[in-house]
Structures are given as C-alpha cells and as structure tokens.
Amino acid sequence: MNDNHIATVGELIAALATQDPASPVRIATCIRLPVGPQSPVHHQVTVGTVVSAPDEDAEAADLPVVWLGGGKEVGWPFHRDLPPAVATALRWS
C-alpha cells in the first residue's frame, strides 16, 4: 500500500484501522476533463452496496473482486464540492 493506491481488502482494512468506526465515510473523486481550461471537478458520494464478483478479465483461479458501489451524491440535488482541506489532503489541489 502507498499513499494513493489501495489494491486489496486487507490494505483497505489497514487504512481504515485508525479511524473511528462511527465516522461517516465518503468516496471522493477528481474528474479532469480532457479538453478545455476547466478546473478539475471534485465530487463526493456515500458508499453504497459492497459486492464480490469475478473480474471478467482475470483467470478463473483468481479471487473475486470486491466492488464498492457509489451511493448517494452528497448534497444532491445540488452539487457540493469537497472541502478544500480534503482536496489538499488528497493532493488534488
């Protein structure tokens, strides 16, 4: 595991181990449009359903992939940007 890539359930559990279990959890995304001078769009959603299913591109003997589904957009129906401190902590600003 490094600062920006968690590849396994074990690494995710380790990354969350120091957090308060009662804390809200969000998925933050940074969308960079390929054309134009637009700034990146920082977006936040809740975590939805968690499922396990095979990766169609993997060999049959491989472990299934654990998928974290995106839940509801935070602030819907109005877009709510990430707090600037979060974008900075994620090294997106």
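Remark: HIS42 falls outside the filter, which requires a residue to be at pLDDT below 75 and touching a strand residue (DSSP E or B) at 6+ places or on another chain (Cβ under 8 Å). The residues of region 12-39 that are modelled with pLDDT of 85 or more and assigned to a loop (DSSP other than H, G, I, E, B), listed by number, are ALA17, THR18, GLN19, ASP20, PRO21, ALA22, SER23, PRO24, VAL25. No other residue among ALA60, ALA85 is open to solvent by 70 Å² or more (accessible area, probe 1.4 Å), out of contact with any Asp or Glu (no Cβ under 8 Å at 6 or more places or on another chain) and either of a type in the set (Ser, Thr, Tyr) or at pLDDT below 85 (or both) apart from ALA60. Conditions: (1) at pLDDT 80 or above; (2) part of a loop (DSSP other than H, G, I, E, B). GLY75 meets all but one. Number of the miss? The single condition GLY75 does not satisfy is (1).
The values are calculated or read from the model by the stated rules, or taken from the named source; none is laboratory data. Here the structure is a predicted model, which means the values were calculated and not measured. For neighbour counting, all protein chains shown are included, and Cβ atoms are generated from backbone atoms with ideal geometry for every residue, glycine included. For accessibility, only protein heavy atoms count, side chains too; no ligands or nucleic acids. Shrake-Rupley method; radii C 1.70, N 1.55, O 1.52, S 1.80 Å.
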